[in-house]
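Visitor: This is the structure, below, for whatever I ask next.
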Amino acid sequence: MNLVSFLPSVSRRKALPRQVLSSSWNDRNQILSPEVNFYCWKRVPDQQVSSYLASLVTDGVPLVKSSYTQYSLPSLIQEVKSSLSNFDCAGSDFFWTDVQKIASDFLTMTEMSTAILHFKTTDSNECSKFHTDRYRLRLFSTLVGKGTQWLPERATNRNGLGKMNGNIVKDPSMIEHMEAYDVGILKGDPHGQKGRSTGIVHRSPQVRTLAERRLILRIDA
């Protein structure tokens, strides 16, 4: 493994939820371990991809929300790419090939027949409260703009979930965040097990101006 971090240390008596930060996409299957609730692929785009994504977020892109299978994924990616042909540049082919691989790998890993792909720009303060998702697994990447904030377990008061952020966050200085272009896989609490939550506690970053518009890729399984 390459640049893998485990946070926090696992107790022998009771394994606390932990997070995996890695520079390798090949480490993604660690999210399937019962004690892991967050995997983050740390990466940066090359200059051509950055230029392409910047052009998309400047003018905004139509909302994409579509279910896909392994069979339908190539045609979906081609359809979305073609709808953005006005922004076509050297980085677009590489970017959409990358998205197709990520979406395919994610579907294979979840062992689901379908997943739902979302691609959009946003300038609103969505999900301002720290929470866990009701999805089993969610892939999330902020391609341009501020990244998702998340809490290591030692900074989390799970008894405060559903209340104000001040009841959930033990120490605001310990709030972590994903960088732009990182790819995260977040484990949720699909059955809403009150008092037994183990999903990653996270929230959207707070956007204050139109200049902070974000470009988001999300896949739900």
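Visitor: Tell me, yes or no, whether segment 133-155 has at least one residue that is farther than 24 Å from residue 21 by Cα and either of a type outside the set (A, V, I, L, M) or surrounded by fewer than 13 Cβ atoms within 10 Å (Cβ to Cβ) (or both).
Guide: Within segment 133-155, none of the residues are farther than 24 Å from residue 21 by Cα and either of a type outside the set (A, V, I, L, M) or surrounded by fewer than 13 Cβ atoms within 10 Å (Cβ to Cβ) (or both).
Visitor: Restrict the check to segment 160-178 and report whether at least one residue is within 17 Å of residue 218 (Cβ to Cβ), among the hydrophobic types (A, V, I, L, M, F, W, C), open to solvent by less than 40 Å² (accessible area, probe 1.4 Å) and in contact with a Cys (Cβ under 8 Å, 6 or more places away or on another chain).
Guide: There is at least one residue in segment 160-178 that is within 17 Å of residue 218 (Cβ to Cβ), among the hydrophobic types (A, V, I, L, M, F, W, C), open to solvent by less than 40 Å² (accessible area, probe 1.4 Å) and in contact with a Cys (Cβ under 8 Å, 6 or more places away or on another chain).
Visitor: Right, here's the next one. Return yes when residue 115 is in contact with a strand residue (DSSP E or B) (Cβ under 9 Å, 6 or more places away or on another chain) and among the hydrophobic types (A, V, I, L, M, F, W, C) and no when it is not.
Guide: yes
Visitor: Is at least one residue of segment 41-49 open to solvent by 40 Å² or more (accessible area, probe 1.4 Å) and in a helix (DSSP H, G or I)?
Guide: yes
Visitor: Same structure, new question: In segment 162-171, is there at least one residue being modelled with pLDDT of 95 or more, within 28 Å of residue 68 (Cα to Cα) and of a type outside the set (A, V, I, L, M)?
Guide: no
Visitor: Can you tell me which residue within segment 121-153, out of those that are among the β-branched types (Val, Ile, Thr) and under 18 Å from residue 214 (Cβ atoms), is modelled with the lowest pLDDT?
Guide: That would be 122.
Visitor: Might you check whether a residue that is at pLDDT below 95, within 17 Å of residue 215 (Cα to Cα) and part of a loop (DSSP other than H, G, I, E, B) occurs anywhere in segment 26-40?
Guide: There is no residue in segment 26-40 that is at pLDDT below 95, within 17 Å of residue 215 (Cα to Cα) and part of a loop (DSSP other than H, G, I, E, B).
Visitor: Return the residues of segment 91-127 that are of a type in the set (A, V, I, L, M, F, W, C) and either surrounded by fewer than 13 Cβ atoms within 10 Å (Cβ to Cβ) or farther than 24 Å from residue 46 by Cβ (or both); say none if nothing qualifies.
Guide: If the condition is that a residue be of a type in the set (A, V, I, L, M, F, W, C) and either surrounded by fewer than 13 Cβ atoms within 10 Å (Cβ to Cβ) or farther than 24 Å from residue 46 by Cβ (or both), then 107, 109, 112, 115, 116, 127 are the ones that fit.
Visitor: Would you mind stating whether residue 37 is at negative phi and in contact with a Pro (Cβ under 8 Å, 6 or more places away or on another chain)?
Guide: yes
Visitor: How many residues does segment 57-90 contain that are in contact with a strand residue (DSSP E or B) (Cβ under 7 Å, 6 or more places away or on another chain), part of a loop (DSSP other than H, G, I, E, B) and open to solvent by 80 Å² or more (accessible area, probe 1.4 Å)?
Guide: 1
The values are calculated or read from the model by the stated rules, or taken from the named source; none is laboratory data. Source: prediction; values computed, not measured. Please note: Cβ atoms are built from the backbone with ideal geometry, for glycine as well, and neighbour counts cover all protein chains shown. Please note that ligands, DNA and RNA were not included when accessible areas were found on the heavy atoms of the full protein model with its side chains. Shrake-Rupley method; radii C 1.70, N 1.55, O 1.52, S 1.80 Å.
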